[in-house]
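Below: the structure, in structure tokens.
The values are calculated or read from the model by the stated rules, or taken from the named source; none is laboratory data. Because the structure is predicted, anything quoted here is derived from the model rather than measured. With ligands, DNA and RNA removed, areas are computed over all heavy atoms of the protein, side chains included. Shrake-Rupley method; radii C 1.70, N 1.55, O 1.52, S 1.80 Å.
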Amino acid sequence: MKKSKPSMVVPINLLQDVHSRMINLPIYFRERVCEECAWSIPTFYRKMRNILKPGGDKIMPNLSNAEKEKIIAVLDEVYTSFWEYCEKYRKKR
């Protein structure tokens, strides 16, 4: 019979963990918006960009009301997910 080694618990560095999660938030947000709105990644960035007319006027890309609602819903989902993930670091009262 083999002896099993005691499991070593590696302590999590709070700063590193939270930072790595935060830098992945924009990527996760983009992926979810693309999925919900059926966009490609280039379309996502094209929809984000303002266009300058030759006269200097800005044209905002049109987002439908359904797209706006989906974007806000994804924002809420991503933010809530991150908030819940960080619960393990908050002190219990």
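Across the chain, counting alpha-carbon atoms alone, Rg and Dmax equal 20.8, 81 Å. Normalised by the number of residues in the chain, the mean separation of alpha-carbon contacts (under 8 Å, six or more apart) gives a relative contact order of 26 percent.
Heavy atoms of the protein chains alone define the surface here; on that basis the chain has 90 Å² accessible area per residue at 1.4 Å probe size. For the stretch 49-93, just say rounded, prolate or oblate: build the C-alpha gyration tensor, square-root its eigenvalues into a ≥ b ≥ c, call rounded for a/c under 1.5, and beyond that prolate if a/b exceeds b/c, oblate if not. The shape class here is prolate.
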